[in-house]
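Notes follow the structure.
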Amino acid sequence: MIRKILLNTLWIYALQASTAIVPLLTVPFATRIIGLDGIAFFGTAVALGSVASVVSEYSFDLSGIKDAARAQSSRAAKNVVIVQRLYAQWSIFIGLVALAVLFTLLPLGISTGGWSLAFAAMLVTVSNVAFPFWVSQSLGLERRYTVHFALARLLSLPLVFLALEKWPTGFYYVVALYLPLALSLGFLLVRSLGRDVVLEPYRVRPILSVLATSFDVFLSRLFVALYQNGGLLALGMVATPEAVGLFALADRVRKASLFLLTPISRALYPVACSLANDPAERSGAAFRLVFLAYLGAGALITAGLFAFSSQIAAFFTDEDPTTLAAMVKVFAFFPLVSSGTIVLGQNVLLARGHVSAYTQSVVGAFIFYAMMVFPLAFFAQALGASIAFLSAEAALAAAFLLLSWRIRSLPRAEEMEVTPVEQPR
């Protein structure tokens, strides 16, 4: 078990490195070329694309892995689990594209620049749903996925510098970063069809059944995506484009700060799901060790970001480094708080099947965030939105911690009952 977690963690670390390093290398250059207005467009497109990705993925990065782990003994049954969920994701994405086109064409819909924003957001979404990472985890293809992802990121590095020198806009920044990724993962999908994934006939009823059984987890992930990306959208309504750009830069630092932490949780989740069916498995000590390692690493990252906030801000922008440094100090606490929201939320509550409790906690955190973000963003601009974001994350971590203590001695929840999958004919 430990060996499997370590191997998966190493591959996810490589994936996280290619995810974090290229944007970090390009953001300072892009900020100085396209300004905070261009970064605001980039951040808004990525935020909208991230929300659309969560809607399209429909929480299969959690429930799909869990269902595939249950079908581990039968390759044909696992293939059905994966293909049905891929069909569901692609169907939702096509529906989102149709809605985007409809609203861009309406006279009262998206105004000038709407096409570029909609296209940029959908490009971000394609890069997430063409061949989702949860599929590679379910099939044991982490290495192949990481290679395709990393090569695409390396290709996007020179493309960003070339594209922005010729077309210095936020739109081309999104295209240069995400088009190579979408093409590479599309190629990986084509390469895997017929060998690792065998397409089944498209049937509406099984897909609707899959959507229904995963709805609770999807709802929780949707609210997480809304409050994680809602700060940019709220700022866009009540603050200046410069404030949106500053928040996008600080949020990029926040995401990069989770580089050392996210792989631990993502590698642990499939194992936690499989062990949830076997209460006799002696996995408690290993899980506590991983959690303490996550907590300790998070504390070190928090201390480092807080101490070097001024240098980090000066590295990213010359326009308002003082405000950005204050926001980095706020976001510095996210690695520490995420030990509660990510490890406890996913690998304790969701893995043990307490989906309703997880969802209720997330919805409560979202409501709390929505009540805080608009007034704070209005009076304190980007710094206020940062404080609202951290407050909601801390409240969610506290809720998950209390729930984890309560359910520790309880049997597995009803939501963990095995979901029937259609057997191939």
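The values are calculated or read from the model by the stated rules, or taken from the named source; none is laboratory data. Bear in mind that the values here come from a model prediction, so they are computed numbers and not experimental data. FYI the Cβ positions are ideal-geometry reconstructions off the backbone, even for glycines, and counts take in every protein chain you see. Ligands, DNA and RNA are excluded from the accessible area calculation, which covers all protein heavy atoms including side chains. Shrake-Rupley method; radii C 1.70, N 1.55, O 1.52, S 1.80 Å.
Per-structure values
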item	result
Out of VAL373, VAL421, sole residue that is surrounded by 18 or more Cβ atoms within 10 Å (Cβ to Cβ), within 27 Å of GLN228 (Cα to Cα) and modelled with pLDDT under 90	VAL373
Qualifying residue in the stretch 361-371 (condition: at negative phi and not in a helix (DSSP H, G or I))	no
Subset of the stretch 384-406 [of a type in the set (A, V, I, L, M, F, W, C) and either open to solvent by 10 Å² or more (accessible area, probe 1.4 Å) or not in a helix (DSSP H, G or I) (or both)]	ILE387, LEU390, ALA394, ALA395, ALA397, ALA398, ALA399, LEU401, LEU402, LEU403, TRP405
The stretch 210-228, residues that are among the polar types (S, T, N, Q) and modelled with pLDDT of 80 or more	THR213, SER214
The stretch 304-316 residues that are more than 22 Å from PHE29 (Cβ to Cβ) and open to solvent by 50 Å² or more (accessible area, probe 1.4 Å), paired with ones that are part of a helix (DSSP H, G or I) and not charged (D, E, K, R) (beta carbon under 9 Å, 6 or more apart)	PHE306/VAL328
Members of the stretch 57-95 that are open to solvent by 40 Å² or more (accessible area, probe 1.4 Å) and at pLDDT 85 or above	TRP90, SER91, ILE94
Residue identified as of a type in the set (Phe, Trp, Tyr) and assigned to a helix (DSSP H, G or I) among PHE103, PHE60	PHE103
From SER404, SER386, residue being touching a helix residue (DSSP H, G or I) at 6+ places or on another chain (Cβ under 8 Å) and more than 30 Å from PRO28 (Cβ to Cβ)	SER404
Residue check, LEU185 part of a helix (DSSP H, G or I), aliphatic (A, V, I, L, M) and open to solvent by 10 Å² or more (accessible area, probe 1.4 Å)	no
Residues within the stretch 135-171 that are closer than 15 Å to VAL197 by Cα and open to solvent by 50 Å² or more (accessible area, probe 1.4 Å), tallied	2
Residue within the stretch 196-205 that is part of a helix (DSSP H, G or I), touching a residue at least 60 places away in the same chain (Cβ under 8 Å), under 26 Å from THR359 (Cα atoms) and not polar (S, T, N, Q) present	no
Qualifying position, being of a type in the set (Gly, Ala, Ser) and open to solvent by 10 Å² or more (accessible area, probe 1.4 Å), among ALA243, ALA239, ALA225	ALA239
Total residues in the stretch 347-360, condition open to solvent by less than 40 Å² (accessible area, probe 1.4 Å) and either β-branched (Val, Ile, Thr) or part of a helix (DSSP H, G or I) (or both)	8
Subset of the stretch 321-346 (residues that are crowded, with 22+ Cβ neighbours inside 10 Å and not in a helix (DSSP H, G or I))	ALA332
Lone unmet requirement of (1) of a type in the set (S, T, N, Q); (2) in a helix (DSSP H, G or I); (3) over 21 Å from the mean Cα position of the chain (by Cα); (4) modelled with pLDDT under 85 for GLN381	(4)
